[in-house]
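Below is one structure, written out as structure tokens; comments come after it.
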Amino acid sequence: MKKQDEYYSPFIAKGRLGKAYQRIYIFLCRFFFRRIKIDEESLLHLRGLEEDAKIVYASMQSSQTSLYVQLATLEKAGYPMPMFSMGFRPWIVHRIIGLVAGIVLFYRKIFSSSSDRLVSDSEFIRNSLMKNRSLIFSMMSVPLFRRRYVENRSDAIGYLLDLQRETDSPVYIFPQVVFWNKNPERDGSLFAINPTGDNGIIRAAIGTIKSTTAGFLRVCAPLNLKEIMKANPGMERDELVHQIRKTLFDTYNHEKRVILGPHMKGRQQMMEMVLDHVNVKSVIENETLETGKDRQKLRKEAYRYYREIAADFSIQWIIFFRVISNWFFKKVFDGFHFSTEDFKKIRDWTKKGTLVFVPSHKSHLDYVIISNLLFHNNFIPPHIVAGANLSFFPLGTLFRKSGAFFMRRSFKGKNLYASVFKQYVKTLVQEGHSIEFFIEGGRSRTGKIISPKMGIVKYLIESVDEGYGKDLIIVPITVNYDRIMEETSYKKELRGREKTKESASSFLKSRKLIRKRYGKVYFAVNEPFSMKEYRDEFMAGHGKDCNGEFISALGSHIIRKINEIVMVTPFALVSAAILYTSKRGFPEDMVLERMFLLRNTVRSFGARIAPVLENDENMAAALSNVLDSYMDDGIIKKIEFEDSEDAERELYSLSDEERIRINFYKNSILYFTLPVNMLALAVISSAKKGRVSAKALRESFNEVKELFSREFDYPELLDESAGLYEKSIEFMKEQGIISSDSKGIKTGKEQWENLRFLAGTLRDYLESKLIVIKVIIKHKNRKFVKKDFVAKIRDEAVKMYHLDIIDCSEAISDSNFNNSIEKMVDMGLVEFEKRKDRDYVKTLAGERAELILERVQGYLDGLK
């Protein structure tokens, strides 16, 4: 039987791909647009589909240049090119092919023979997909719209729905778009290339080469037609087509806003929106009436405040800054650890409200790293709340151009300044800009997360409540470092030296820091959450008249979410093991043994662990790397023996003066070890001959917990329902440190060292409290300026350290002293008195002070 000759409609003939001449276009696109790549998050969407899945790409552009760039980029990434396209604007060659196909179709209809067969459009599309050949169509196509709307014929999505009804294999539509660059759309950019527009090959090539930002192909999360049809069983075909088109367009618009940011208003326009707002005007009027100040002078003042505060966002400066910072990062770091899934997680939430990035704050590099990683993963960098101390030239200009806006430490007596700042924040929310701020206020000098400062949060919540935005999407972030560059400056500040003011000269002096390497940087994101949803849930449980409690609860919730994703680094694990293995010297094998115990501890409490620490075989190498780094800095030194027979164990000594530097890293993981540390101290202080009743141990644990309530922002410890006490008991049992019977808890002498080691993590905090209580008793019933009182405590601490009354040099810490003073206020040993110019401390002392001193001393005696 003679095989039938198949022929096609012009619609099919014009869209067929894979012809030899088309390879020339693909080659040209690969050459001219070689900077365009497919991003990692797009590859995540394409991976892991079912074997029988049918793949269709929905392009948000309609030019042939866009089509061939997409084909070339997919091929370059190792994915099969689509073999058929629909709806792209034809070049002259396609018009000729369509014309010829039309003539052939007309001829064959008149002179057709039994051997000729017209393959219908739907049959061709169905056969192509059933042979696992992918297709691509344009969502921006005028011909496809006319075909559907005017001619009442099926368009691409209609054909795909028909196919999905005939097959059990899922049909996936992947929205995709070529971003020629990542330059934000802004007023006054008349001659700039549209980042997602339809461009001819010459305009696109010139625009891509000229642009400071590289282009890329974005493939979005797919629509599964099988699931859509299952979810809408009774919906008419045309209505379903309309719904799918709307979803695809929504996805495109959403991706565009996330990557390019909102339409950028000029700086002048932003300034007018803020300064001409009724909120600012009313403050000026009130100031005029209340103080008699000239209205014109107040306007001038408001103008000056705006220029002091506002960012001057520029994508060109961001690229320039990125080039400098990437060079810098390569000089000082060994790489970055982050997950593409974290950025996908953020992107999934962006439709629901204004993104508010809330990172931990351990280093000045935090904001540079976060903006860099966001931009690398195709997010427009956020506007960042920065301290006014960072506005110095030239870095202030660089930060301002990169999205930083500046805030003074205090708004006291500055009603107009506060009004301008608040209105600027509200305008950013209104315009759709993402915002980043550090909830701790300043950098943590101790490694612990500091208690939240909620001023900015209140302004952001106000902006939503006043209708500037629909919701705040809080994104908790942590940036952890193997080592931070500020180690030495933090040590000095904790010992009482005034913080060095940021300036151009201090910046130049710090250039010697780039001669060292600081290991890896670890970036992580916890699950974002809606402020409105969290508030509704809180108010449902506490009543509507508890806004103050809500603000406090929100701050604690954010801090907890940040703590949950802290990375346990090799330096943190080794530092904790070194500090409390011995006062001065320590053997390497014992540190390794304790690293395993600490790793088991943090794992049992859900910590994220650096990849190098996951496998037992890598632990020794991780320890060796940390010891080498610390030896290079003179923090530790290896003890050399004249007689090699004495060197059966590798021994090291730790410099007393440098203990506080590595204490930073130990503190960074206390969130995960603290319940066990407190339980170990409770066992040591309450056990008699290795035994303690369950009731007595629980009471002892609660006493320890209460003593440290001002030291750690750890609300779960105060929440009995969190079960941290029970979890700690179970962990110690699993490790063989304690056991239980009908009489309570017991432990053996051989496990006493492990208990002392775990409890020893709290030694420096106990010694700081001991110092403070001694000073209170020594100077009872006296009043001091708080700053002078802390200086007296510091002097007493130095004396006690050199007299061997305390062991830990890291106990001489202003941060510890201030937290201890606050606890003494709670205990009734000290009173605070706030005056206009300064804070005062009054010591009360008495018998209660002696009892607390005895209790703290008892804890310390148990650790010796």
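The values are calculated or read from the model by the stated rules, or taken from the named source; none is laboratory data. As the structure is a prediction and not an experimental result, all values here were calculated from the model. With ideal geometry, Cβ positions are generated from the backbone for all residues, glycine too; neighbour counts draw on all protein chains shown. The protein model used for the area step is the full one, side chains on, heavy atoms only, and it has no ligands, DNA or RNA in it. Shrake-Rupley method; radii C 1.70, N 1.55, O 1.52, S 1.80 Å.
Tell me which of HIS361, MET270, LEU118 sits at the most positive position along the dipole axis of the chain, charges placed on C-beta atoms (Lys, Arg +1; Asp, Glu -1). My answer, from the dipole projection, is MET270.
Projecting the Cα atoms of LEU223, GLN296, HIS242 onto the charge dipole of segment 182-323 (Cβ charges, centred on the Cα centre) puts LEU223 farthest toward the positive pole.
About the Cα centre of segment 584-642, what is the dipole size in debye to 20, counting +1 per Lys and Arg Cβ and -1 per Asp and Glu Cβ, all else neutral?
Dipole magnitude for segment 584-642 comes out near 400 debye.
Note on the chain: dipole from Cβ charges, positive end direction compared against ALA540, GLY335, ILE38; the farthest Cα belongs to ILE38.
Here segment 533-683 is assigned +1 on the Cβ of each Lys and Arg and -1 on the Cβ of each Asp and Glu. Its dipole about the Cα centre then comes out at about 840 debye.
Of the residues ILE821, ILE38, the one with the largest accessible area comes first in the ranking ILE38, ILE821, computed with a 1.4 Å probe on protein heavy atoms. Using the average count of surrounding beta-carbon atoms within 10 Å as a protection proxy, the listed peptides 610-619, 353-362 rank, highest first, as 353-362, 610-619.
Using per-residue counts of other Cβ atoms within 10 Å, averaged over each peptide, order 410-417, 122-129, 22-29 from highest down.
Numbers: 410-417: 13.9, 122-129: 17.8, 22-29: 16.1.
In descending order of packing, they fall as 122-129, 22-29, 410-417.
Across segment 253-356, the convex hull enclosing all Cα atoms gives 176 Å³ per residue. When DSSP assigns beta bridges and you keep just the ones with both residues in the chain, what percent turn out antiparallel, to the nearest 5? Beta bridges within the chain, antiparallel portion: roughly 45 percent. A 1.4 Å probe over all protein chains sorts LYS470, LYS786 by accessible area into LYS470, LYS786, starting with the largest.
Could you look at segment 283-341 and say what percent of its accessible area is carbon and sulfur, using a 1.4 Å probe and all protein chains? Let's see the in-between values first.
Working: 1910 of 3630 Å².
Here it works out to 53 percent.
Given a 1.4 Å probe, how much area per residue of segment 377-453 is accessible, in Å²? Intermediate results must be reported in sequence, preceding the final value.
Details: 2390 Å² over 77 residues.
Counting only protein heavy atoms, the per-residue value for segment 377-453 is 31 Å².
If packing is taken as the average count of other Cβ atoms within 10 Å, what order do 252-265, 291-304 fall into, highest mean first? Walk me through the intermediate numbers first.
Details: 252-265: 18.6, 291-304: 13.1.
Those peptides, ordered most packed to least, come out 252-265, 291-304.
In the set [x] 41, 34, 26; [y] 58, 39, 24; [z] 60, 34, 26, which value of semi-axes √(5λ) of the Cα gyration tensor in Å was calculated from the structure you see? Working out semi-axes √(5λ) of the Cα gyration tensor in Å from the coordinates points to [z]. Separation of segment 399-449 from segment 713-776 is 39 Å, based on Cα centroids. A cut-off of 5 Å between modelled amide H atoms, ignoring neighbours fewer than 5 places along the same chain, links GLY846 with no other residue.
Report, in debye and to the nearest 20, how large the dipole of the chain comes out about its Cα centre when Lys and Arg carry +1 and Asp and Glu carry -1 on their Cβ.
Details: 136 positive and 112 negative charges, 628 e Å.
Dipole magnitude for the chain comes out near 3020 debye.
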